[in-house]
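Here the structure comes first, spelled out in structure tokens, and everything after it is commentary.
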Amino acid sequence: MAASSDTTGIQYFELKNFTFQNGATLPSIRIAFREFNPTAQKTALVPTCFRGRINQTFNFTTGVLQNYRVIVVALLGNGESASPSNTPDFPDTLDYRDCVRAQHTLVTEHLRIPSLDVVVGFSMGGQCSYHWTAMYPDVVRNAVIICSSARTSLHNYQFLEGPKAALINSVDYNDKELRAQNIAPVRGLRAFGRAYSAWLASAEWFEERLFEKWGFKTLDHWADAGAKSYDDWHPEDLLIMLGMWQRSDLSVIGDGKMSLEDVLGGLTPRILLMPCLTDQYFTWKASKKEVEYLKSGQIAIIPSVWGHMGGGGANQEDIEWMDREIAGFLSKS
């Protein structure tokens with residue numbers, strides 16, 4: 001049940017004796033990454049998102065980052081970097097601080113990049129990027145945070161409970177004999193995907209029947225494709241990443257002694273927040289509140305009916321709009 005995605009160009013960096021935020025220590029973990037334009041002078045880091053794999057991640061390398069050395073790095077738990085599916089005794093919980101510390105070692109020690117011109121992250125990749133700005137402000141000059149948040153909202157947390165419940169309560173997920181044979185709980189994975197399928201876009205997107213633009217004639221066809229897209233995922237990888245997403249809270253950087261507002265106010269890198277007008281779980285209103293506390297923050301709201309997918313490269317018009325906004329932001333750095 002390990003990840004079976006496209007491995008073109010992917011490299012691996014091994015970290016020895018890595019200690020996670022929950023106290024667990026493993027003798028070795030790996031970080032998966034891919035470089036684009038390795039001889040370019042300017043540098044950009046692009047962390048993957050939930051259910052994102054390196055070669056499926058929209059990375060702007062044909063647009064605004066075409067002249068950057070772009071490093072796409074897999075989050076811990078995604079099945080490419082160290083995860084429950086490929087690493088014995090992997091811890092029960094993950095934290096973005098684990099991901100960022102591992103990525104920082106990759107960037108500064110292995111790739112020998114002293115500073116990053118920009119970190120660009122979508123969704124969970126955006127939450128990871130936010131953590132970069134708080135943990136290593138001397139390394140990050142700019143951050144572009146797309147369809148994401150500094151803290152997972154209660155509504156966002158609760159919507160994730162639906163797909164989670166569909167998976168962990170499925171018959172095959174709970175079949176010990178099947179699990180002992182390493183047989184994927186396909187029924188549970190597809191239930192997870194079908195439960196998730198309504199949240200990716202907006203209500204307007206569905207009412208305008210924009211799923212037909214992708215060749216899906218009916219809602220059932222759309223939901224069925226979403227369900228099957230999880231077939232090659234290991235259930236524990238999905239669950240550990242989902243838990244990291246649900247617990248995301250940038251105020252942990254201050255060890256709980258600072259409010260989220262104070263942590264945001266202390267961030268020194270330039271930050272562009274790019275929520276989508278119709279995103280159902282990372283709302284533009286939350287981003288608008290966050291930017292008020294940022295010293296060097298800007299906000300550009302993606303004017304799209306494509307919901308969360310609008311920030312992930314699903315629609316060409318949104319890609320072109322984001323390219324222009326990001327280019328303008330970086331030109332003033």
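Overview of results
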item: Relative contact order of the chain, pairs being alpha-carbon contacts under 8 Å that are 6 or more residues apart, as %; result: 17 percent
item: Gained length - T62 relative to T87, 0.36 nm times residue gap less alpha-carbon distance; result: 5.6 nm
item: Using a Förster distance of 41 Å, the FRET efficiency for K295-H221 (Cβ separation, nearest 0.05); result: 0.30
item: Estimated dipole of the chain in Debye, rounded to 20 [Cβ of Lys and Arg +1, of Asp and Glu -1, Cα centre]; result: 500 debye
item: Percentage relative contact order, segment 106-155, counting C-alpha pairs under 8 Å, at least six apart; result: 39 percent
item: Given 15 as the ceiling on other Cβ atoms within 10 Å, longest exposed-site-free region of the chain for GluC sites (Glu not before Pro) in DSSP loops; result: 1-207
item: Cα-based radius of gyration of segment 1-58 once divided by 2.2 N^0.38 Å, which approximates compact folds; result: 1.36
item: Least to most buried among T283, T25 (fewest other Cβ within 10 Å first); result: T25, T283
item: Cα-based Lys proximity count in the chain, under 27 Å, for pairs eight or more positions apart or on separate chains; result: 17
item: Relative pair counts by distance (%), Cα atoms of the chain, 10 Å bins; result: 6, 26, 36, 25, 7, 0
item: Global form of segment 1-104, assessed from the alpha-carbon gyration tensor, a/c cut-off 1.5; result: prolate
item: Estimated distance in nm for a label pair at A40 and Y157, the labels positioned 7 Å out from Cα along Cα-to-Cβ; result: 3.8 nm
item: Low-density loop cleavage sites - chymotrypsin sites (Phe, Trp or Tyr not before Pro) in segment 264-333, where at most 14 other Cβ are within 10 Å (DSSP); result: none
item: Percentage relative contact order, segment 156-242, counting C-alpha pairs under 8 Å, at least six apart; result: 32 percent
item: Local electrostatic count, S85, Cβ distance below 11 Å [Lys/Arg +1, Asp/Glu -1]; result: -4
item: R0 of 22 Å, Cβ-Cβ distance L178-E236: FRET efficiency to nearest 0.05; result: 0.95
item: Percentage of interatomic Cα-Cα distances in segment 156-242 larger than 22 Å; result: 31 percent
item: Rounded, prolate or oblate (a/c below 1.5 giving rounded, otherwise prolate when a/b exceeds b/c) for segment 237-333 by Cα gyration tensor; result: oblate
item: Loop-located trypsin sites (Lys or Arg not before Pro) in segment 253-333 whose Cβ has at most 15 other Cβ within 10 Å (DSSP); result: K257, K295, K332
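The numbers here are math on the coordinates, done by the rules we state, and not lab data. Note that the coordinates shown come from a computational prediction; the quantities given were computed from them, not determined experimentally. No Cβ is skipped: glycine too gets one built from the backbone with ideal geometry, and neighbour counts run over all protein chains shown.
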